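A quick write-up on the structure given underneath.
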Amino acid sequence: MIYEVVDDHILDDKDATTELVNGAVKITAKRSVDQKASWGDGRARMTLAHELGHGVMHATEGVIDNRVTGIGGTTEISKTRASESAEHQAKVFASEFLIDFERALELESPEDISMEFLISSEAAEICFERVQSQIERTAAVARVKTLNDEFQKSMRPHRRKPSFLDIPCVACKEATLIPLGIKVLCDSCGYVGDHPQSGDPSSDAC
């Protein structure tokens, strides 16, 4: 890839151009744009990243319809057929190239994003919209998961607490006998025996 800086008048109304020259991708930028980018100017940095996107994705197609000086990244074509627009694709590439999205999720405003990554206000606003959408999607997924967990929990069978007889088990002496018809089962040790009847001498043995 070739990067060339030329006097502003040479490119006229273009901030930068990308083309294929003898099989090599060549990006030509105005001197003022190159200088501003080196100073951290957001729009200039986006312009160069934008042209790099053309070089990576579209240069094999020949000359690119490059970004005009003072024109924003969104075009009528990109609004109606974003996926087919080379300009839109290059704009998305520039944003992804310059912005750490995971870090952007931690920031609270477009201004914060613009200052953190040294990008244009327009690009920062677009990124912030994506950040908000991601946050809303994450919150929605969390709400759905919570509702699903609550539903699943409500559908699980509940183990009813057994009703114990007020007499101890003859085996382990714990008062955990469960009546099973004419028999009893000890919930503690598993003992099974006859149900002691009120007034039956055997009930004293239990």
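Structure notes:
- Here the spin labels are modelled as points 7 Å beyond Cα on the Cα-Cβ line, and at CYS172 and GLN152 they lie 3.2 nm apart.
- For TYR3 and VAL192, the difference between the fully extended length at 0.36 nm per residue and the C-alpha to C-alpha distance is 59.0 nm.
- Computed E for GLN35/VAL56 - FRET, C-beta separation, R0 22 angstrom, nearest 0.05: 0.40
- Semi-axis lengths, largest first, of the ellipsoid equivalent to the range 81-164 are 46, 16, 8 Å, with √(5λ) applied to each eigenvalue of the Cα gyration tensor.
- FRET efficiency for the ILE182 to GLU108 pair, using the beta carbon distance and R₀ = 41 Å, is estimated at 0.05.
- At R0 = 30 Å, FRET efficiency that the Cβ-Cβ distance of ASP12 and PHE97 yields, to 0.05: 0.70
- Once the Cα-Cα distance is subtracted from the 0.36 nm per residue extended length, the ASN22 to MET115 segment shows a gain of 29.6 nm.
- Aspartates and glutamates with Cα under 19 Å of LYS173, excluding same-chain neighbours fewer than 8 positions away: ASP187, ASP194, ASP200, ASP204
Read the figures in this text as sums done on the coordinates, not as results from a lab. Given the structure is predicted, the values throughout are model-derived calculations rather than measurements. Cβ sites come from the backbone with ideal geometry, for glycine too, and all protein chains shown count toward neighbours.
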